[in-house]
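Taking it in order: structure first as structure tokens, then the write-up.
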Amino acid sequence: MSEILSSEVVIVGGGVIGAATAYFLCKEGAEVMVIEADDLASGASGACDGFVSLQTKMPGVHLAMALESARLFPSLAEDLEVNIEYNPCGGLMLATSQEQMKELRARAKALKSGGLEVEMLSPAELKEYLPEVGKGIKGGSFCPQDAQVNPISLTLGLAQKAQEMGATILRGCQVENIVVTNNRVREVHTTAGNIHSRRVVCAAGIGSNQIGKMIIVDVPVLPQRGQILVTEQRDPILKCLVSGAEYLGTKANIPELLPTDEEAAKLGLGFTAEQTASGNVLLGSTREFVGFDSNTTPEAMNAIARNAMRFLPWVEDLDVIRSFAGLRPCSPDGLPILGTVKGVKGFYLATGHSGDGVCLAPITGKLLSELVLDGETSLDIEPFSLYRFK
């Protein structure tokens, strides 16, 4: 390409984190260019469920960030011209043992102290939300602040709005190198040409380590596969998000909530269910470290189906029409990696959300916009620094 490209800010990655960052930067009048190797939402953002789940967050800074993110969704739903199918439906977490109920009670107390609404429910009280549950369900917790969105629509809506505000989006464009001189980002070399820019945001998901190596920094993000079943469309049968305590156990590595079955433990199996606006029911999910393999497997499909029927017996009457798998960008502790890189001015990280990308996208985009343009953020992001792992 003969023309010389330039942009005030270059964002590497066209998933929900990159799109959200572009949206908030453009709202502040910044000149933005998004570089996506494939297409928008072609990675984890297009192969996941739509949980905006707050009760799965760790008490403390993780929960505080999620609460701030949740507060941004209603205004996004109004501002974006794409219907993101935002639904403040609430979420249930089900326990299959008294030990799990004990752990959920303790978590509910901690989450409440952090500002989240959580109510413990007996098996009889669950019937208000789920008329029929498995006989082994001992109760659960309900969070009215949990919600759902369509993750693909959210990503596309954010990107489209950013474009309308002036952002340039380069699809099918590979980053080949990032030039740093005098400890400052200067240029991004891509298959579409060289882009002059002094500010680069890495929102590359599972490709973040590869991008980091270009400036000689290790970004510890690994792909973690999650598999999901999709059923036929049905009239509304689920009025809230539903998950099992083992899902939280595998997500946050909580020993008391980890699955005890050998196959389930190997797959990182945890029950989730949501009904989309179109009527399909999504059933999940797994947490597997299998490299960059995004294929579904018969073993996981069967395990997800059996597990779903254990929690919701009526699932057996639904026809499964397809399955898919996505690769979560997983950090060592499951929390996002946000902030600057020592010794390289103008390079910013927004990655490693480990399955929380959809939920945390709005606040991540807002905070990265503040960091890039102002050098400081309205929430303390130091706990999410890359250097917590050193």
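Couple of notes before you dig in:
- Pairing residues of the stretch 186-199 that are free of Cβ contacts under 8 Å to residues at least 40 places away in the same chain with residues that are among the aliphatic types (A, V, I, L, M), at Cβ distances under 6 Å and at least 6 apart in sequence or on separate chains, gives Arg186/Val179; Glu187/Val179.
- Of the strands (runs of 3 or more DSSP E) lying entirely inside the stretch 274-389, the ones with 1 or more residues being touching an Asp or Glu at 6+ places or on another chain (Cβ under 9 Å) and under 23 Å from Val185 (Cα atoms) are found at 337-341.
Yes/no per residue for (1) crowded, with 24+ Cβ neighbours inside 10 Å; (2) touching a strand residue (DSSP E or B) at 6+ places or on another chain (Cβ under 7 Å); (3) of a type in the set (D, E, K, R):
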| site | (1), (2), (3) |
| --- | --- |
| Ala303 | no, no, no |
| Ala308 | yes, yes, no |
| Pro313 | no, no, no |
| Leu318 | no, yes, no |
| Pro329 | yes, yes, no |
| Asp333 | no, no, yes |
| Lys342 | no, no, yes |
| Ala350 | yes, yes, no |
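- Residue within the stretch 244-252 that is among the hydrophobic types (A, V, I, L, M, F, W, C), in contact with a Ser or Thr (Cβ under 6 Å, 6 or more places away or on another chain) and in a helix (DSSP H, G or I) present: yes
- Residue within the stretch 211-229 that is in contact (Cβ under 8 Å) with a residue 40 or more places away in the chain, among the basic types (Lys, Arg) and farther than 23 Å from Gly346 by Cβ present: yes
- In the stretch 151-169, the count of residues that are assigned to a strand (DSSP E or B) and surrounded by 22 or more Cβ atoms within 10 Å (Cβ to Cβ) is zero.
- Selected residue (only one of Leu92, Leu54, Leu25, Leu63 is in a helix (DSSP H, G or I) and in contact (Cβ under 8 Å) with a residue 60 or more places away in the chain): Leu25
- Cβ pairs under 6 Å, 6+ apart, first in the stretch 72-89 and within 9 Å of Ala147 (Cβ to Cβ), second among the aliphatic types (A, V, I, L, M) and in a loop (DSSP other than H, G, I, E, B): Tyr86/Val149
Any read-out appearing in this document is the output of simple, stated calculations on the displayed coordinates, not a laboratory observation. Just so we're clear, the structure is a prediction, and the values are computed from it rather than from any experiment. Because the Cβ atoms are built from the backbone with ideal geometry, glycine has one as well, and the counts that use them run over all protein chains shown.
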